[in-house]
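To start, the structure itself, in structure tokens.
A short reminder: the numbers here are calculations on the coordinates, not readings from a lab. Keep in mind it's a predicted model, so treat the numbers as computed, not measured. Reconstructed Cβ throughout: ideal geometry from the backbone, glycine too, with neighbour counts over all protein chains shown.
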Amino acid sequence: MADYAINNVTRRVVYTGSAGVGPYAFTFNVLEQTDVAVYFNDTLLTLTTDYTVVVNPADGTGSVTIVVGTSVPSTPTASDRITIVGARDIERTTDFVTGGDLFANTLN
């Protein structure tokens with residue numbers, strides 16, 4: 001798994017559909033294709049059914065291309081919104097005990 005610096009960046013970008021099916025770029029870092037959620041107007045789309053994602057392995061940025069046919073009935077137009085959101089689940093794999101030792105190697 002790649003390591004990326006944690007940056008204070010907006011993890012949401014909104015486009016009009018004027019680019020058609022895309023690609024629509026995002027500049028925030030992700031690790032996998034499933035780390036983004038894509039909306040067509042107000043409808044949450046499904047990965048591979050409604051859109052595809054390409055992630056740049058060098059820096060974790062990427063792009064989304066819309067697949068027309070199911071949730072996106074026709075090629076997006078300028079009146080449509082394509083919203084890309086960083087959607088990686090936040091999870092903690094270590095539990096710290098109240099009043100217990102906090103070691104640097106445990107945090108790392």
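Worth pointing out:
- PHE103-LEU31 FRET efficiency (beta carbon distance; Förster radius 30 Å; 0.05 resolution): 0.70
- Burial order of peptide ranges 48-56, 12-20 (average beta-carbon count within 10 Å, highest first): 48-56, 12-20
- Remark: segment 45-84 is approximated by an ellipsoid whose semi-axes, taken from the C-alpha gyration tensor as √(5λ), come to 22, 12, 7 Å, largest first.
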